[in-house]
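Structure first, commentary second.
The values are calculated or read from the model by the stated rules, or taken from the named source; none is laboratory data. Bear in mind the structure is a predicted one, so any value in this text is a computation, not a measurement. Neighbour counts are summed over all protein chains in view; Cβ atoms, including those assigned to glycine, are modelled from backbone coordinates with ideal geometry.
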Amino acid sequence: MKEYLQEWPEKIIPWLMTHGTKMLAIALVAFVLNIILSRIIRRAVMIAVVPDRNLSPEAEIKRENTLIRIFNGTLAVVITIMAALMILKEAGLDIAPILAGAGIVGLAVGFGGQYLIRDIITGLFIILENQYRIGDVIDIDGIGGSVEDISLRKTTLRNLDGTVHHIPHGEITKVSNLSKNFARVNLNIGVSYSANLEHVIEVINKTGIELANDSYYKSLIISAPAFLRVDDFADSSVVVKILGDTQPLKQWEVTGELRKRLKIAFDREGIEIPFPQRVIHQVKE
C-alpha cells in the first residue's frame with residue numbers, strides 16, 4: 001500500500017501534464033469558441049434580418065432575440081457534444097462504441113422520428129415567417145399565454161394562472177397573435193333604452209379622448225377609444241361597441257382604465273348601465 005501511494009503521484013502527475021492539459025485545453029477552446037460564435041451569430045442575425053416597417057423597434061428586437069436564442073442554443077449543444085467526445089477520447093476511453101451505439105439509437109429513433117421532423121420543419125417556418133416571438137401573447141388552438149421560449153421543436157407558453165404549456169410545433173394548426181404590430185380596445189357596453197343615445201355617444205367619445213390625452217396612457221394609445229356603432233338590442237339594454245388602437249400588449253390595461261372612467265362618467269351624467277330584469281305578472285283569481 002505504501003509503495004502504491006508513492007508510485008501514484010509519479011504516474012498521475014505526468015498524465016495530468018499531458019492528457020489532463022489537453023483535456024483542459026479542449027474545454028477552454030470549446031468555451032471560448034462558443035462565446036465567439038455566439039457573438040458572430042448575434043451580429044449576423046442583426047444584419048440578415050430585414051426590418052419590417054410595420055413592426056415597432058421593440059417588436060424587431062423580440063424577433064432578433066428569438067432567432068439568436070435558437071441558433072445559440074443549437075450551437076451550444078453541438079460544441080458541447082464534440083468537446084465531450086474529444087475529452088473522453090483523450091481520457092483513454094474508446095469512443096467508437098459510443099458512436100456506434102448513437103448510430104443504432106438514431107436508426108431506431110428514425111423509424112418513429114417523423115413527428116420530430118415535422119415539429120422541426122414547422123418550427124423553422126414559424127421562426128422564418130415571424131409568426132410570433134418570445135414575449136408575445138398568443139393563442140394556440142385555444143391555449144393562450146405569453147411566449148416564454150421557442151425552440152425548433154416546441155413553444156412554451158405561460159398563462160395568467162402561471163401554468164406552463166409545452167406545445168410541439170407539429171401539433172399547431174392555428175395561431176392567434178394578440179400582440180403583433182398593434183392591439184385594439186374592443187369593448188361592448190350596455191345602456192338603458194331610456195338613455196339619450198346622442199348623449200351616450202358624446203360621453204363615450206369625450207371619455208376616450210381624455211384617456212388618450214392622459215400623461216401616462218397617451219404613450220400606450222395609438223387612437224383614442226370611440227363609439228363605433230350600436231351593436232345589439234339586448235333584452236335589457238342597448239349595446240354599443242367602442243374601438244380604439246393601443247400599443248401591443250397594452251389593450252387590457254387601457255380597456256380596464258376605460259371601463260373605470262366610463263362608469264364614473266355614466267354615473268355623473270345619469271346614464272344607466274342596466275342589469276337583466278324580469279317582469280312577473282301575477283294572475284288575479
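Which members of region 188-201 meet the condition of being free of Cβ contacts under 8 Å to residues at least 12 places away in the same chain and not in a loop (DSSP other than H, G, I, E, B)? Hit for region 188-201 is Glu198, nothing else. Within region 246-285, the set of residues being under 21 Å from Leu160 (Cα atoms), modelled with pLDDT under 95 and hydrophobic (A, V, I, L, M, F, W, C) comprises Leu249, Trp252. Being at pLDDT 90 or above, more than 14 Å from the chain's Cα centre (by Cα) and not aliphatic (A, V, I, L, M) is the filter; apply it to region 175-195 and report the residue that is nearest to Gly135 (Cα to Cα). The extreme case among them is Arg184.
Per this entry, Ile201 is not counted among residues that are at pLDDT below 95 and surrounded by 14 or more Cβ atoms within 10 Å (Cβ to Cβ).
Of the residues screened, Ser237 is one that is touching a Pro at 6+ places or on another chain (Cβ under 8 Å), of a type outside the set (Val, Ile, Thr) and surrounded by 14 or more Cβ atoms within 10 Å (Cβ to Cβ).
Candidates Val185, Val254: the one that is touching a Ser or Thr at 6+ places or on another chain (Cβ under 7 Å), of a type in the set (A, V, I, L, M, F, W, C) and part of a helix (DSSP H, G or I) is Val254.
Yes or no: Leu228 at pLDDT 90 or above and surrounded by 18 or more Cβ atoms within 10 Å (Cβ to Cβ)? Against the criterion (at pLDDT 90 or above and surrounded by 18 or more Cβ atoms within 10 Å (Cβ to Cβ)), Leu228 does not qualify. Of all residues in region 8-61, count the ones that are hydrophobic (A, V, I, L, M, F, W, C) and at pLDDT 70 or above. Qualifying residue count, region 8-61: 22.
Just one residue in the set Asp139, Asp149 is part of a strand (DSSP E or B) and either at pLDDT below 90 or in the same structural domain as Ile61 (by TED's automatic domain parsing) (or both); that residue is Asp149. Would you be able to say whether some residue in region 124-132 is part of a loop (DSSP other than H, G, I, E, B) and touching a residue at least 60 places away in the same chain (Cβ under 8 Å)? Yes, some residue in region 124-132 is part of a loop (DSSP other than H, G, I, E, B) and touching a residue at least 60 places away in the same chain (Cβ under 8 Å). Residue count for region 161-175 under the criterion of being outside any strand (DSSP E or B) and surrounded by 10 or more Cβ atoms within 10 Å (Cβ to Cβ): the result is 5. Can you say whether Leu258 is within 29 Å of the chain's Cα centre (by Cα) and in contact (Cβ under 8 Å) with a residue 60 or more places away in the chain, as far as the supplied structure shows? The answer is yes for Leu258.
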